[in-house]
Amino acid sequence: MTASGVVALGTGAAAVAAVCLMPLWASQGMIRDVVTLCCYIAVAQMWNLLAGFAGLVSVGQQAFVGVAAYAMFVLAQTFGVNPFVAAGMSVIVPIILAIPTYGLLHRLQGAYFAIGTWVVAEVMRLLATNLSFINGGAGMSLRVMTQYSADERAVGISILAALLLLTTVGGSYLLLRSRYGLALTAMRDNPVAAASQGVDVARLRFLVFVAAAAGSGLAGAVYFMAQLRITPPSAFDINWANLAIFIVMVGGIGSIEGVLIGSLIYFFADRWFGEYGSSYLIVLGLLTLCSALFFREGLWGLLRRAVDAPWFPTRRILVPKEGHRQ
Amino acid sequence: MLWLDGLVQGVLLGGLYAQYALGMALMFGVMKIINVTHGDLVILLALVGISLAGSFPLGPWGVLVLLVPIGAAVGWLLQRGVLNRVVGDDPLPSLIATFGLSVALQNAILEIWSADTRSLSGGGIEQASVALGPIFVGVLPLIVLACATLLTGGLDAMLRFTRFGRALRAASSDVEAAAMTGVNPKAVYAMATAIAVGILGFAATFQAMRATVAPADGPYQLIYAFEAVIIGGLGSIWGAFVGAMVLGVSQAIGFRISPGFGILAGHLVFLAVLAIRPNGIMGRAQ
Amino acid sequence: MTDMKPILTAQGLGKSFGAVRVLHDLEFSVRPGEVLGILGPNGAGKTTLFNLISGDIRDHHGELTFEGKPLTGPPNRRCKAGIGRTYQVPRPYSGMTTFENLVVAATFGSGRREVDCYESCSAILDECELMARANTMAGTLTLLDRKRLELARALAVGPRLLLLDEIAGGLTDDEGHALVELIRRIRSRGVTVVWIEHVLHALMAVADRLLVLNFGEKIAEGVPSEVIEDEEVQRVYMGVEA
Amino acid sequence: MSALLSTHGLVAGYGDMRALHGIDFEIAAGETVALIGANGAGKSTLLRSILGLLPVAKEMVRLDGTEVGGTPPHRMVRKGVAIVPEGRRLFSGMTVEENLRVAAENAAEPRGEGWSIRRVYDLFPILREKRAAFSEDLSGGQQQMVSIGRALLAQPRLLLCDEISLGLAPRVVREIYAALPEISRSGTAIVVVEQDVGLAQRASSRLYCLLEGRVTLEGRSAEVPREAISAAYFGAKNAVA
Amino acid sequence: APAVVRAQSAGTIKVGLITPKTGPLAPFGETDDFTLERVRERLGGRLETQAGVYDIEILMRDGQSDPNRSAEVAADLILNEEVHLLMPASTTDTINPAADQAELFGCPCVSTGAPWQATVFPRGGDGQPFNWTYHFFWGLDEALNTFVGLWEQLETNRKVGMLFPQNADGETWGNRNYGLPAPTKEAGFEINVPGFFQPRTNDFSAQISAFKQFDADIVGGITYVDDLTTFVNQSAQQGFHPKAITVAAALLFPSGIEALGKLGDGMSSEVWWTPAFPFKSSLTGEVSRDVADAWEAETGRQWTQPLGYSHAIWEVALDALKRSQDPLDRAANRDALKATDLSTLVGPVNFSSGPHPNVSTTPIFGGQWVKGEKWPFELKIVDNSVNPLFEPEQRLKPLTWPS
Ligand SMILES: Nc1ncnc2c1ncn2[C@@H]1O[C@H](COP(=O)(O)OP(=O)(O)OP(=O)(O)O)[C@@H](O)[C@H]1O
Ligand SMILES: Nc1ncnc2c1ncn2[C@@H]1O[C@H](COP(=O)(O)OP(=O)(O)OP(=O)(O)O)[C@@H](O)[C@H]1O
Ligand SMILES: CC(C)C[C@H](N)C(=O)O
Ligand SMILES: [Mg+2]
Ligand SMILES: [Mg+2]
């Protein structure tokens, strides 16, 4: 463990604890902002896992965001399940969706795969629009939330947000530090060689796809719990893919640090400059363009060229004679 | 009767999708560039056309004649300025770059033209039709289909039989080997994108005549263009045309089953084609 | 030694890519613990043979057996079964360090826990003279070091059968000797080695037997000194006109 | 004899890795020069640098005495330098004839009678039969012929051949090498890169041997002894001949 | 120093305005921007209220035509900016998510620019009134009756083909119980609904052939400009020539009519507001004509219907703040809002007399677009059967189709 890594891990643990304990120290507004930010981080990190590590470029993660969110609404609003419990339970739905989706798309390469995921998300949106059970195109409101006091809601959603961070960012970090993390990188760099060294490339890709679906789904459930309202276009909004692309590319693909940096930039830029309407969006678009043209490794990549102090070290560094360290 | 009418209207709808798909077939199918700004360029061109028609007595065909070279110029600039830096086997850079450009372009269009919905008057042609027995065939859709067919034939012939077409196919197959054979890949690519966006001049004119355009409309037809190209098979121009027809007919039949099911039907057929023939209907197997 | 059961056998092995026949009706077997050298002109089908054994390419004619059982399944399963290989064109994981490259191979190839592999990986790095490069990104290694890395990674999976595809090309004399020594040591641990090589003197120094391919067919097999004198081998491979 | 093309202290590499460390090389019009060396010695890298596929400084390569280092490949082709690349690199999805036409249509100005597709077919008659076949459906030898034909149609004054015998049956190799004098007859200079030293020696008038990015031997092909080549080739004293 | 002595401020009132400035709903937001500037100018940063003189800060946020975004900015305004009043200015997609946030976090919220049923029913306000969110606009029932009123004016076979999109608006308008089908059938018309369509459908031939088979003389429903244009052009192509096309949403904006070209002449729809409205602004004393003229002078573009409501929402909001016991207290503002009884540019607003405790309805008329003098097309009021507050400008005429 590097020094910066120790500091970062401590900070990370403190951050998760702080998120969990938000009701004790944060205003309601702060809680809501942090929850939104956590959702951005989670969705972006899941996309990063797919594109940056498994080499699967998806523009259809909103399919999983949407189905989980809808599942939560149905469980809570229609069946009266405690919404906080429902949010956790709803993760099963994106997992169920991810399995046939991967089965259908796994043979596709690169851009084909991307367009395929997009179409799947569109299909989910159209299906939701046609389902009267979930109120079709009119959407649903989560009125059951008014049954809970502000404090109860704050406690519930803070715990969920902490859980979300822990599973997506913490989970990714654990995964990347485990041997599977190495296998993912190996697979991205050279799938043929990885297979010849015992890595089950097909299975690992599948598992990553399903895990990313689950993580994005949990983010969706938490996000729409805070939104209180869901409609097919908002649930299956391609903006989820856009947001993930922006965050990961500007922050730096293939690193957790990049996702954190990108999410913060997106979140604050959105809050501070959002009122400038189209001019702000023009700048945001051009920034993405520039990142693709001039700094593909993102801001974290630029930063790392200056100082190599990863917050989430996943490198294995061999220290001859003194043993090995991670 | 219902189904025959569905088939006819579906083919006509396919003609519209083919207009969108052709430029995409060249860029995505042949050059392997994911161009997310495709739809936004149509809107940009259409609005330019509508503004021109508002200032000069051009008529729709005059607009078309102007939009094609304007589109070509835009395409040339796009390839030279942006896309030549992101071409390659990895789809991600072109996706990211054009995605960013798309967001910027949409909002720049909003700034310039405001959010108003506009259309281009075709002087009545958009409402004219010929009756074939009980089936009415719109004149404008027929022109669209005829144009799409001619463009497809022309583009396909250009790729197959001209020096430029061969150079482009060579460059997309192996950029370095093409350069070793005396082809200047960057110039060829710029020319190809100029052609692709020039073709969008047709799509823009027809879209503005048959319906409307507004700044946020760009992405809506994008997915159909991608689908048509993939259904047809990458690299095949006639494939994209056939893909557009498949999509048009699937949707039209779907609409007749239920208006809310048409678009879904198109997507489902797309997914089915992917599952059964991942290389597309006319794509060469690996 | 001759009466030991072969570790690898091929019977009627054939492979075509479309209309191009690359291997045809190939028969041979490899005895446990031996070093079998494979020679042949470019395009004779040597690498294709390795690809069939490792499972990188499937759908072939004829039968391959490993330790008495038919060889089937994807490459990762064959690797776990005890087959390690190198690639003629090195395929490092360029986004990882040399050491990490080995750790992937060791943990997934042998199914051990990651921490349990560090010791053996560092020993292999030492053996392959890569210790100085342990924490260097593999993408920045020189060709020589990439080739060493190929070998090191193949060793890291803990194979019983090691397939080496042209690992000696471009080595200096001393390096060549060191490589020969290393392969002798590997053999002495009971690992069976099949080695494709154009650098004859290296191969001759360690191979127990030679197999010569041409156009996907076996044209000679046997003791190195005899095979090398074979008229057809002289003509086809060495380019000596009869 | 003035050099058609020469390199001067040419250094080149890939990213941070340097593959060539100061190569001085020259070839005169009509001459055939062999370039030999072990795998990874840098032969292909040298050819690629000459053609402008790798970034090199302007003064490192001279054509007709003019500095042309780093000129983009398509311009080098127009100046009369063509390559038969390592690994054939045909355009897949295009027929034999289309492959040839791409080259013919983007060629340098022909000198004298020049090369035509017909003349290529005369050189390799099998290609006339296969003119409508997709390039990826050809056998390796036929592919190599197309690749050579493509380079010839660029109307080169200097033809760079990178391991054109790779993956070819000896008989085909012999045929191709038999065609070389025919090619150089019209004044075209040829660089052949070969792993088969004997072949290279017989086909060329001079040879260079590379080892790890440096020239270790240079001389008249007919005169250099086999042992010297072995030594230069492997950097060894006791190579098996 | 200049001797301008200002009254002591009792604090700063914060008001949050959410409007779709970008994205597909941007035409609705244009008038909000314009009106806000005029309101700011008028107020000069101060508001005199019953409780004293306050500084007033107006925070404008772009909902980007995106419900998710609208909820986010609403929450930000309520929780972080701690506004004392929230104003989601128009469209269901902007109002509903924002109002849900206001309801949960207890912030008074006044909205307009969407039929009230669409802001109440999808949010579950059916049997359970809201505590914090108030909406003034005409109701679907009235709009529907206006439609029927329009159709009664024409000589037809009383057969109506209906078009509804698959979204919140379409689901509300097309609802069999409280949507357009109900009053239409009640008035003795026959109806045909071929099924709801996805917005941005490129082909309406299926619906057209169904309408032809049904022999519809009238087409009614709700569509957007692009869909309506496709539909109308295809209808003309397919030889389907109804006598009236009366749809909501698409015919709101002059640009939408212009997009229809010649066929725009005679299209009919509900009228939110026109310069012909006789009511006076409680804020500026202007009549509707003045407001429209100001817009046209400023922007050089034709007035649009949301302009009146963009203005009226400020009348209602500022009136409530002025009457509030304590404009810095949300509950007090809510109480003041609830007690609103005001005559605005769009008509009287009073939440105590509405059809739902959180709703006040405003008058609606039937209108028809006809060739104009100053602008290519002008909207004329042709029906007042629902709100006979003033006389129609002219009578409805049937559509003319090119032969
Ligand atoms: N995937 C493939 N598709 C088509 N042909 C192939 C494929 N792989 C190899 N070949 C062809 O099969 C033949 C044998 O190739 P292989 O790589 O086995 O040769 P090799 O004996 O290893 O040669 P070298 O000594 O040059 O490495 C070659 O002609 C090659 O072009
Ligand atoms: N694309 C590349 N990226 C990085 N390094 C490369 C690349 N191509 C070649 N090299 C390296 O450059 C050096 C010289 O390679 P080159 O291909 O020129 O050798 P060669 O003499 O042609 O060998 P061969 O006989 O195998 O073709 C080698 O170390 C090789 O690994
Ligand atoms: C990447 C694309 C396929 C879609 C893109 N994100 C868009 O906004 O339209
Ligand atoms: Mg080989
Ligand atoms: Mg080479």
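The values are calculated or read from the model by the stated rules, or taken from the named source; none is laboratory data. Please read these numbers as outputs of a predicted model, since none were measured by experiment. Cβ placement follows ideal geometry from the backbone for every residue including glycine, while neighbour counts extend to all protein chains displayed. Ligands, DNA and RNA are stripped out before the accessible areas are found, and what is left, the full protein with its side chains, is counted by its heavy atoms. Shrake-Rupley method; radii C 1.70, N 1.55, O 1.52, S 1.80 Å.
Residues of the range A:136-170 losing 20 Å² or more of accessible area relative to the isolated chain, 1.4 Å probe, heavy atoms only?
The answer is A:GLY137, A:ALA138, A:SER141, A:ARG143, A:THR146, A:ARG153.
Tell me which aspartates and glutamates have Cα within less than 12 Å of E:LYS280's Cα, excluding those fewer than 8 residues away on the same chain?
E:ASP290, E:GLU315
Taking the Cα centre of the protein assembly as shown as origin, work out the dipole magnitude from +1 charges on Lys and Arg Cβ and -1 charges on Asp and Glu Cβ, in debye rounded to 20.
It works out to roughly 2380 debye.
Roughly how big is the E-B contact, given as buried accessible area in Å² (both sides, 1.4 Å probe, nearest 100)?
Summing both chains' loss of accessible area gives about 2900 Å².
Averaged per residue, what accessible surface does chain B expose to a 1.4 Å probe, in Å²?
For chain B, the per-residue accessible area is 31 Å².
Ignoring ligands, DNA and RNA, what percent of the 1.4 Å accessible area of the range A:32-179 is carbon and sulfur?
Percent of accessible area from carbon and sulfur atoms in the range A:32-179: 69.
Could you calculate the FRET efficiency of B:GLU111 with D:ARG18 from 1/(1 + (r/R0)^6), where r is the beta carbon distance between them and R0 is 45 Å, rounded to 0.05?
0.35
Mean shadow of the range A:19-237, computed from the convex hull of its alpha carbons, in nm²?
Hull-based average projected area comes out at 11.8 nm².
Mind giving me the nanometre distance, one decimal, between the label points for A:SER178 and E:ARG200, set 7 Å out from Cα along Cα→Cβ?
Those two pseudo-labels are separated by 4.0 nm.
Please compute the average number of Cβ atoms from other chains found within 10 Å of each residue's Cβ in peptide B:207-213.
6
Just for the protein assembly as shown, what percent of DSSP beta bridges are antiparallel, to the closest 5?
In the protein assembly as shown, approximately 50 percent of DSSP beta bridges are antiparallel ones.
Rank by packing, highest mean first: peptides A:17-26, B:27-36, E:126-135, with packing defined as the count of other Cβ atoms within 10 Å averaged across residues.
B:27-36, E:126-135, A:17-26
Along the Cα→Cβ direction, 7 angstrom out, place labels at A:ALA306 and C:GLU217. What is the inter-label distance in nm?
Placing both labels 7 Å beyond Cα along the Cβ direction yields 6.8 nm.
In terms of the ratio Rg/(2.2 N^0.38 Å) built on C-alpha atoms, what value belongs to the protein assembly as shown?
That works out to 1.05 for the protein assembly as shown.
Only Lys, Arg, Asp and Glu count, each charged at its Cβ (+1, +1, -1, -1), so figure out the dipole size of chain E about its Cα centre, rounded to 20 debye.
Dipole magnitude for chain E comes out near 360 debye.
Over chain E, average the accessible area per residue using a 1.4 Å probe and give it in Å², no decimals.
Solvent-accessible surface per residue comes out at 32 Å².
Only helical DSSP H runs with n ≥ 4 go in: add -39500 (n - 2.57) per run for chain A, normalise by residue count and round the 222 nm mean residue ellipticity to 500 deg cm²/dmol.
Calculated at 222 nm, the ellipticity per residue is -22000 deg cm²/dmol.
Given 0.36 nm per residue, what is the gain on full extension from A:THR78 to A:VAL192 after removing their alpha carbon distance, in nm?
Using 0.36 nm per residue and subtracting the Cα-Cα distance, I get 36.2 nm.
At 222 nm, what value in deg cm²/dmol follows for chain D if DSSP H runs of at least 4 each add -39500 (n - 2.57) and the sum is divided by all its residues, to the nearest 500?
Calculated mean residue ellipticity at 222 nm is -10000 deg cm²/dmol.
With r defined as the distance between the Cβ atoms of D:ASP122 and D:ARG174 and R0 fixed at 25 Å, what FRET efficiency is calculated, to the nearest 0.05?
Plugging the Cβ-Cβ distance into 1/(1 + (r/R0)^6) gives 0.90.
How much area per residue is accessible in the range A:19-237 when the probe is 1.4 Å and only protein heavy atoms are counted (Å²)?
It amounts to 29 Å² per residue over the range A:19-237.
Placing +1 on the Cβ of each Lys and Arg and -1 on the Cβ of each Asp and Glu in the protein assembly as shown, which of C:CYS121, B:ALA128, D:LEU210 has its Cα farthest towards the positive end of the resulting dipole?
Farthest towards the positive pole: D:LEU210.
At R0 = 60 Å, how high is the FRET efficiency between C:ARG21 and C:ARG113 if r is their beta carbon distance? Nearest 0.05 is fine.
Between C:ARG21 and C:ARG113 the formula returns 0.85.
For labels at A:TRP25 and E:GLU37 in the simple 7 Å Cα→Cβ model, what's the distance in nm?
Here the modelled spin labels are 4.5 nm apart.
Of the listed peptides E:343-354, B:183-194, what is their order by residue-averaged count of other C-beta atoms within 10 Å, with the highest listed first?
Highest to lowest by the protection proxy: B:183-194, E:343-354.
Whole angstrom only: what separates the Cα centroid of the range C:67-89 from the Cα centroid of the range A:225-293?
45
So for the protein assembly as shown, taking the charge dipole from beta-carbon charges (+1 Lys/Arg, -1 Asp/Glu), which of A:GLY252, C:VAL20, B:ALA157 sits furthest toward the positive end?
The listed residue farthest towards the positive side: C:VAL20.
Going by average Cβ density within 10 Å per residue, which order do the peptides A:43-50, D:153-160 take, highest to lowest?
Taking the mean over residues of other Cβ atoms within 10 Å, the ranking is A:43-50, D:153-160.
Have a look at A:ALA138, A:PRO100, A:THR78 and report the one farthest towards the positive end of the charge dipole of the range A:19-237, computed about the Cα centre with Cβ charges (Lys/Arg +1, Asp/Glu -1).
The listed residue farthest towards the positive side: A:PRO100.
What does the average come to when, for each residue of peptide C:78-91, you count the partner chain Cβ atoms lying within 10 Å of its Cβ?
Per residue, the number of nearby Cβ atoms from other chains is 3 on average.
Relative contact order for the range A:19-237: what percent, with Cα pairs under 8 Å and sequence separation of 6 or more?
Result for the range A:19-237 is 43 percent.
Provide a whole-number value for the mean count of partner chain Cβ atoms within 10 Å of the Cβ atoms in peptide B:86-97.
If you average over the peptide's residues, the count of other-chain Cβ atoms is 6.
Quick one: buried accessible area between C and D, total over both chains, 1.4 angstrom probe, nearest 100 Å²?
Looking at C and D, the buried total is near 1700 Å².
Keeping the other protein chains in place, figure out the carbon and sulfur percent of the accessible area of chain B, with a 1.4 Å probe.
C and S fraction of accessible area: 70 percent.
What quantity of accessible surface, computed with a 1.4 Å probe and excluding non-protein components, is buried in total between chains B and A, in Å² to the nearest 100?
Looking at B and A, the buried total is near 3200 Å².
List the lysines whose Cα lies under 27 Å from the Cα of E:LYS185, skipping any in the same chain that are fewer than 8 positions away.
Candidates past the 8-residue exclusion: E:LYS159, E:LYS212, E:LYS243, E:LYS380, E:LYS397.
How large, in percent, is the carbon and sulfur part of the accessible surface of chain C at a probe radius of 1.4 Å?
49
Distance from the Cα centre of the range A:86-146 to that of the range B:70-141, in angstrom?
First find each Cα centre; the distance between them is then 29 Å.
Which lysines have a Cα lying under 24 Å from the Cα of C:LYS69, excluding residues fewer than 8 positions away in the same chain?
Output for C:LYS69: C:LYS5, C:LYS15, C:LYS46, C:LYS80, C:LYS218.
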